[in-house]
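Heads up: the structure comes next, in structure tokens.
The values are calculated or read from the model by the stated rules, or taken from the named source; none is laboratory data. Every value quoted in this text rests on a predicted model; they were computed, and no experiment measured them. We place every Cβ from the backbone using ideal geometry, glycine too, and count neighbours over all the protein chains shown. In case anyone asks, the SASA skips ligands and DNA or RNA and just uses the protein heavy atoms, side chains included. Shrake-Rupley method; radii C 1.70, N 1.55, O 1.52, S 1.80 Å.
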Amino acid sequence: MSVKKIIAIALIFVTTSIAWMILGATNYSRTDTSFSSLKSQVANLYGQRLTIIAPVCYTKIKRHREETVNNVRRIVEYYERQHHELIKSDIRINVYLDRRKKGNLWFPTFRARFEGKYTFLVDAASNDNVFLLSTLDSANSIYNNLHLNINGKDIDNILPLIKRQEIPVVPLDDNTIRLHISYEVTGMEEIRYLITPGRGAITQINDFNLVISTDFDLYDFPSGMMSPTYKIKTDKGYDLIWSFNRTITGRNIGLIIPNKLNPGEIITRVSFFAPVSLLFFFVVLLMFSVVLNINLHPMHFFFLAATFFSFHLMFSYFSDQMNIYLSFAISAVVSLILTITYMRFISPKKVAFVYAPIIQFIYLIVFSFSFFFAGTTGVIVTICAVVTLFILMQATGKINWDDKFK
């Protein structure tokens, strides 16, 4: 093996790597360009992130203050809100996964049923001017079968919920106000229940119980949100329970809806990391050629690099037309056939039909498939690198490298 051949093989590797970078950038651009447009279309049908705000109850107290405008003093009248204690919250949200595919992308859409029962304790001295404020905050969501009940009486007029208007109420004999609201709603990506009245605010939670029931196992929580107090496995998914009493917090509750694998994201990452798999393949193949005295020309490496690139090219564009797993399998089989049928002309049969396909299967197919499982790629690359190093050291330990590089 001459130094000139090694330099030529290195140039082939660099050139192929540049081609992969171009392919990866193209895949990223295709995915990014279509994502915003398709997401907007899905949002028009299902709505965006579902946000539920805890209701508030307050008394409006008339106040006066003195203001000076253009050196003229005057008394200004205004109203100040005196909030009443929310002494009990019993909330149930049933979430049903209903993911939708638009174009070549999947979106984590869902259907949900919300039911909330609230009890406020009103100061006896404030009974004359009490208001409820409960809003449907997600303007792009679609609400259905909405029911509003205050103090045991159904309320037909639900416009205040939409327009964020105050609802005047009269407390019950025990100075409590009971609110019961339920509806069916659709959304996408996240559900958030806001306990605190504003960003950075701290509030007290009394007798609070919220249950989110899912029909899926995979879930996550948005950054900065509270984790469930309990998790109960059910036949279809989980019951996630937040239960608090006399608790002070500035955090809210949220749930991230899981999504299916999007071909564009996987394909882009596989393309960008493809040079790593080709590097392993070239190194092992070079060592085989040295140990078995196989005379491989740089052009042989060029065509073998092309078989690797053909896998990623087919995988990139076949996934637009068929299932991502099927397109991966077809691309892998075709790439292996190209390698085997070419290697039989330039190497012994055992290398062409056993060693070469095994090496390609490990460094191309297994390596690429690891991107389907988030967080495992680094582990797999590390294992492949260490095992490869061990095999090469054992196979070439007795080789006289001075003779090989004469």
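Past the 18 angstrom mark, what percentage of all C-alpha to C-alpha distances in the stretch 288-362 do you count?
42 percent
Could you state the principal axis extents of the C-alpha atoms in the chain, from the largest down, to the nearest angstrom?
Extents along the principal axes, in whole Å: 101, 61, 39.
With N set to the residue count of the stretch 279-327, report its C-alpha Rg divided by 2.2 N^0.38 Å to two decimal places.
Rg over 2.2 N^0.38 Å, computed on Cα atoms: 1.55.
In square nanometres and to one decimal, what's the mean projected area of the convex hull around the Cα atoms of the stretch 239-295?
That works out to 9.3 nm².
Tell me the relative contact order for the stretch 283-406 as a rounded percent, counting alpha carbon contacts under 8 Å between residues six or more apart. Mind dumping the intermediate values first?
Values: 64 pairs, mean separation 31.0, N = 124.
25 percent.
Along its principal axes, what span do the Cα atoms of the stretch 185-244 show, with the longest given first and each in whole Å?
37, 26, 22
Can you give the net charge of the other residues whose Cβ lies under 14 Å from the Cβ of S141, counting K and R as +1 and D and E as -1?
Net of charged neighbours comes to -1.
Which whole-number percent is the relative contact order of the stretch 192-241 (Cα, under 8 Å, 6+ apart)?
36 percent
Net charge within 12 Å of S213 by Cβ-Cβ distance, Lys/Arg positive one each and Asp/Glu negative one each, not counting S213 itself? Before the final figure, lay out the partial values.
Values: positive: R92, R113, K231, K233, K236; negative: E115, D215, D235, D239.
My count for the surroundings of S213 gives +1.
From the P(r) of the stretch 341-391, could you give the percentage of C-alpha pairs in the tail past 14 Å? Display every interim value, and only then the final one.
On the way: 759 of 1275 pairs.
Result: 60 percent of Cα pairs exceed 14 Å.
Can you give the accessible area of M393 in Å² (nearest 10), computed on protein heavy atoms with a 1.4 Å probe?
Result for M393: roughly 110 Å² accessible.
Solvent-accessible area per residue for the chain at a 1.4 Å probe radius, Å²? Write down the numbers at each step before the final one.
Numbers: 21990 Å² over 406 residues.
Solvent-accessible surface per residue comes out at 54 Å².
Once the Cα atoms of the stretch 307-406 are picked out, what are the Rg and Dmax in Å?
When restricted to the Cα atoms of the stretch 307-406, Rg and Dmax are 16.5, 53 Å.
When the accessible area of the chain is computed with all protein chains present and a 1.4 Å probe, what percentage of it is carbon and sulfur?
Summing carbon and sulfur atoms, their accessible area is 58 percent of the total for the chain.
Under Stokes-Einstein, with the Kirkwood radius over Cα pairs standing in for Rh, what whole-number D in µm²/s applies to the stretch 43-96 at 10 °C and 1.306 mPa s?
Working: Rh = 16.1 Å.
Reported coefficient: 98 µm²/s.
Counting Lys +1, Arg +1, Asp -1, Glu -1, what net charge surrounds Y183 among other residues with beta carbon under 14 Å of its beta carbon?
Numbers: positive: R92, R111, R113, K117; negative: E115, D137, D154, E184.
The answer is 0.
Over the heavy atoms of R251, what accessible area does a 1.4 Å probe trace out, to the nearest 10 Å²?
Accessible area of R251: about 130 Å².
Just to be sure I understand the curve: with the Debye formula and one point per C-alpha of the stretch 10-80, what is log10 I(q)/I(0) at q = 0.12 Å⁻¹?
Values returned for q = 0.12 Å⁻¹ are -0.70.
Taking amide H positions as placed in the peptide plane 1.01 Å from N, state which residues far from R100 in sequence (5 or more) or on other chains have amide H under 5 Å from it.
When sequence neighbours closer than 5 places are left aside, the close amide H contacts are F107, T109.
Among I53, I142, I202, what's the order by accessible area (1.4 angstrom probe), most exposed first?
I202, I142, I53
Accessible area of T341, 1.4 Å probe, to the nearest 10 Å²?
Looks like 60 Å² after rounding.
State the volume of the convex hull built on the alpha-carbon positions of the stretch 1-154, expressed per residue in Å³ and rounded to an integer.
314 Å³
Quick check on packing: order 312-319, 254-261 by the mean number of other C-beta atoms within 10 Å, highest mean leading.
312-319, 254-261
Dipole of the stretch 257-406, Cα-centred, from +1 at each Lys and Arg C-beta and -1 at each Asp and Glu C-beta, to the nearest 20 debye?
Details: 8 positive and 4 negative charges, 69 e Å.
So the dipole magnitude of the stretch 257-406 works out to roughly 340 debye.
For the chain, what are the DSSP H helices with axial Cα length of 18 Å or more and mean Kyte-Doolittle hydropathy of at least 1.6?
Once both thresholds are applied, what remains is 274-291, 324-346, 377-396.
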